[in-house]
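Below: one structure, written as structure tokens.
Bear in mind that the values in this text are calculations on the coordinates, not laboratory data. Just so we're clear, the structure is a prediction, and the values are computed from it rather than from any experiment. Heads up, the Cβs are rebuilt from the backbone with ideal geometry, glycines too, and the neighbour counts pull from every protein chain shown.
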Amino acid sequence: MTIFKFPQDFRWGTATASYQIEGAAQEGGRGVSIWDTFARTPGKVFNGDNGDVACDSYHRYEEDIELMKKLGINTYRFSIAWPRIIPDGDGEINREGLDFYHRFVDKLLEAGIEPFCTLYHWDLPQTLEDIGGWGNRRTVDAFVKYAEVIFKEFSGKINFWLTFNEPWCIAFLSNLLGIHAPGNKDLQTSINVAHGLLVAHGKAVQSFRRLGTTGQIGIAPNVCWAEPYSKSPEDQAACDRSIALNTDWFLDPIYKGAYPQFMVDWFAEAGATVPIQEGDMEIISQPIDLLGINYYTMGINRFNPEAGVLQSEEVDMGLTKTDIGWPVESRGLYEFMHYLQKYGNVDVYITENGACINDDLENGKINDDRRIAYYEQHLAQIHRIINDGINLKGYMAWSLMDNFEWAEGYRMRFGLVHVDYRSLVRTPKESFYWYQNVIKNNWLETRI
Ligand SMILES: CCOCCOc1ccc(-c2cn(C[C@@H]3NC[C@@H](O)[C@H]3O)nn2)cc1
């Protein structure tokens, strides 16, 4: 057995998101989001599932916080639903929505748990999608107005902020591949969305500074680490494109003030250009304080001219997979964190990492050994990364509890806590107690 000790001030947490857990979709003055619309569109979400009830955390958040206290976390990542705050996206402020999040955040603070807030975790007000979504500058300005409302309301209570969760999913999964809301399938639209959200990010950071909001602010890209199937330059280039679209496409504008030229050229070949306006890149490259990194898996990729706009195809290498079909390979997290150093040794939090394991209750227990094995591997890599001197400051497991997994609906379970969606009874899984022990000791005991 090996013991890996973590730094004394290391943050241990879990993560969730508003649309995935809250429910109460027609309560508290909440407006319609693009995910309400998308989930009601036949064929978009498995089984026609939607977030109307979800885990009912809107009503059961005190019970959730009791679970967090039992788990022993000191940090909880959640997102605020924009449609609860400004229901029509750009109009009147809904006081009832603000009051809900004040009650929630106050309970977190009472429990000694640090709120780690994501402003946008995919639930765009439908009214803004109706005018073109992130590709319309009116949506950008509406986001800044929403962000400023939240900054003014929660400065002093919240000290860790993320503007956007997984910009690649917002732009490309949702507007090029059409797999997430709003379901567009157009390259130019996806590039317009990516640019719009980057401008919104930069403007929100400017407001954050101007308002003197407490704490630190950043953004949370999701990682797509890839290594070449062969030593051919074509396969390496296919990997470079795949990695860059999730990471460099967003972090180069933020840290360097310019898009990665090789990708701009690649998209130009496909007839798409970035709609940059005067001053945009200066706005986008506002200095940020931290990065959230979401890591689940990595790929072995090769060049294939038929494999989508990137002409990059993931090869099935026969690795163990989770129940959502993603290979279990923690090495990519280590490799990526060293890749990230090209932006400097910035403060990083793993804001999502976890395994979809669909074990069910057996005699009142969930023996999710495969999830424990996943976390053991990934936390061992986290320890290696910290030992290499990289400023990795905290880790948030995705997710506290089973919840609405977007287009997969409720069939895919990422939680440390099992949720019975009929009764809404929460049952900690064996992985919950394993993670509880890691947090209590602030060290990882591995069987290797
Ligand atoms: C067949 C082609 O497929 C293309 C890739 O399709 C996907 C789908 C889904 C994801 C995905 C889902 N998650 C987990 C979430 N992160 C945020 C939080 O809300 C979690 O629920 N991360 N990435 C990636 C890629």
- Task: Mind listing whichever residues of region 1-32 are within 16 Å of the ligand (Cβ to nearest atom) and either touching a strand residue (DSSP E or B) at 6+ places or on another chain (Cβ under 9 Å) or without any contact (Cβ under 8 Å) to a residue 24 or more places away in the chain (or both)?
- Result: G13, T14, A15, T16, A17, S18, Y19, Q20, I21
- Members of region 189-220 found to be surrounded by 21 or more Cβ atoms within 10 Å (Cβ to Cβ), touching a Gly at 6+ places or on another chain (Cβ under 8 Å) and not in a helix (DSSP H, G or I), listed by number: G218, I219, A220
- Item | Qualifying position, being buried (at least 20 other Cβ atoms within 10 Å of the Cβ), over 23 Å from W161 (Cβ atoms), among the aliphatic types (A, V, I, L, M) and within 16 Å of the ligand (Cβ to nearest atom), among I350, I357, I366 | I357
- Query: For region 282-325, how many residues meet the condition of being outside any loop (DSSP other than H, G, I, E, B) and surrounded by fewer than 19 Cβ atoms within 10 Å (Cβ to Cβ)?
  - Reply: 2
- Task: Looking only at region 129-182, count how many residues are part of a helix (DSSP H, G or I), within 12 Å of the ligand (Cβ to nearest atom) and among the aromatic types (F, W, Y).
- Result: 2
- Message: From the list N391, N441, exactly one residue is more than 16 Å from the ligand (Cβ to nearest atom), within 22 Å of the chain's Cα centre (by Cα) and surrounded by fewer than 20 Cβ atoms within 10 Å (Cβ to Cβ). Which is it?
- Response: N391
- Tally, over region 173-191, of residues that are hydrophobic (A, V, I, L, M, F, W, C) and under 14 Å from the mean Cα position of the chain (by Cα): 1
- Complete set of residues in region 397-436 that are out of contact with any Phe, Trp or Tyr (no Cβ under 7 Å at 6 or more places or on another chain) and either assigned to a strand (DSSP E or B) or under 13 Å from I73 (Cβ atoms) (or both): L400, M401, H418, V419, R426, T427, P428, F432, Q436
- Note on the structure: Among the residues of region 58-91, the number that are closer than 20 Å to P125 by Cα and of a type outside the set (D, E) is 13
- Item | Residues within region 229-255 that are more than 17 Å from A200 (Cα to Cα) and not in a loop (DSSP other than H, G, I, E, B), tallied | 15
- Note on the structure: The correct count of residues that are within 16 Å of the ligand (Cβ to nearest atom) and of a type in the set (G, A, S) in region 219-243 is 4
- Any hit, region 383-393, residues being touching a residue at least 24 places away in the same chain (Cβ under 8 Å), of a type in the set (S, T, N, Q), part of a loop (DSSP other than H, G, I, E, B) and closer than 19 Å to N442 by Cβ: yes
